[in-house]
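Everything on this sheet refers to the single structure shown next.
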């Protein structure tokens, strides 16, 4: 299994990197419905809620803020009591710059899981999205207002654009494969595609079609040899949207405090993760994450810009916060395809 994961890392590193900007969180695994519709209902519990916030490039004078929230549920289980069908809803919004460019997206996702063996499963997810995009051009500076020395707002720009508004529907799909080891940590490999309906935009009088975005993600957690209270987790994310590409790789060290038993399936512990992600060619991202009883998760990260933009941003990208809650808040039996023969 470790060999297979190493091969996956090499394949993803083979992609050339250019940064993509669509839905964008550094802690990409902390709002799974934005990562793939196949993650709807994929957790150990009855229901799940996620919140995310990101603030970027405040040093440039035009803050880029991103918000996201999601909720998902298991609506059908199979005869073994394992998740079969999941349903999720998520909302995303970002706003940037003097023109208040705003993108809002609401997703409705459904997923179906089939169990390949006692320790592996495959999940297909489909999503339908509502998109609302807008901008306000009033008050912007234009090239025609340059007087040879500086911008002069008293000069009439001659531009007739006052704003922009667009609404559209979209489609997405995702596929996730999981294989569990003896410690019940899954190797996850996922692929998803967004903008399958090819929604159109019209910005400054130019008609454009939003290109399809394909993402790949993988993660695997390990215990250290002979110590179930220490471990580490490896994560990989790649996004391709036309000529834009983004690759994020990371690793987190884990320390457990309290009692955990993989045999009884009950948890009474706190897990602390500390590590960093690297967005290839762009930023280094320190991460701290805490989970309580496998039910409450709080994550904090910060992007330190390393690209050419760092000369203007002073190497500062921005903070990001993530929270999730899986209910009910009490130790419950592990729900996974792994048996305990």
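Please pick out the residue among 299, 275, 251, 281 that is in contact with a strand residue (DSSP E or B) (Cβ under 9 Å, 6 or more places away or on another chain), at pLDDT 85 or above and outside any strand (DSSP E or B).
Working: 299 fails: outside any strand (DSSP E or B); 275 fails: outside any strand (DSSP E or B); 251 fails: outside any strand (DSSP E or B).
Result of the check over 299, 275, 251, 281: 281.
Rundown of residues vs (1) over 18 Å from residue 185 (Cβ atoms); (2) at pLDDT 90 or above, yes/no style:
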residue	(1), (2)
7	yes, no
12	yes, no
18	yes, no
22	yes, no
27	yes, yes
36	yes, yes
41	yes, yes
44	no, no
52	yes, yes
Starting from the stretch 15-33, keep only residues that are within 19 Å of residue 88 (Cβ to Cβ), then list their pairs with residues that are part of a loop (DSSP other than H, G, I, E, B) and modelled with pLDDT of 90 or more whose Cβ atoms are within a distance under 8 Å, requiring at least 6 positions of separation or different chains. 32/42; 33/40
Only one residue in 120, 99, 90, 103 is modelled with pLDDT of 90 or more, within 25 Å of residue 199 (Cα to Cα) and in contact with a strand residue (DSSP E or B) (Cβ under 9 Å, 6 or more places away or on another chain). Which one? 90
Does any residue of the stretch 185-198 turn out to be modelled with pLDDT of 90 or more, in contact with a helix residue (DSSP H, G or I) (Cβ under 8 Å, 6 or more places away or on another chain) and farther than 21 Å from residue 34 by Cβ? yes
Determine if the stretch 232-247 includes at least one residue that is modelled with pLDDT under 95, out of contact with any helix residue (DSSP H, G or I) (no Cβ under 6 Å at 6 or more places or on another chain), farther than 30 Å from residue 165 by Cα and surrounded by 21 or more Cβ atoms within 10 Å (Cβ to Cβ). yes
How many residues, within the stretch 79-115, are farther than 26 Å from residue 210 by Cβ, touching a residue at least 24 places away in the same chain (Cβ under 8 Å) and part of a strand (DSSP E or B)? 7
Quick check on the stretch 63-78. Is at least one of its residues surrounded by 15 or more Cβ atoms within 10 Å (Cβ to Cβ), touching a helix residue (DSSP H, G or I) at 6+ places or on another chain (Cβ under 9 Å), outside any loop (DSSP other than H, G, I, E, B) and at pLDDT below 90? yes
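The values are calculated or read from the model by the stated rules, or taken from the named source; none is laboratory data. On a predicted model such as this, the values are computed, not experimentally measured, just so you know. Backbone-built Cβ (ideal geometry, glycine too); neighbour counts: all protein chains shown.
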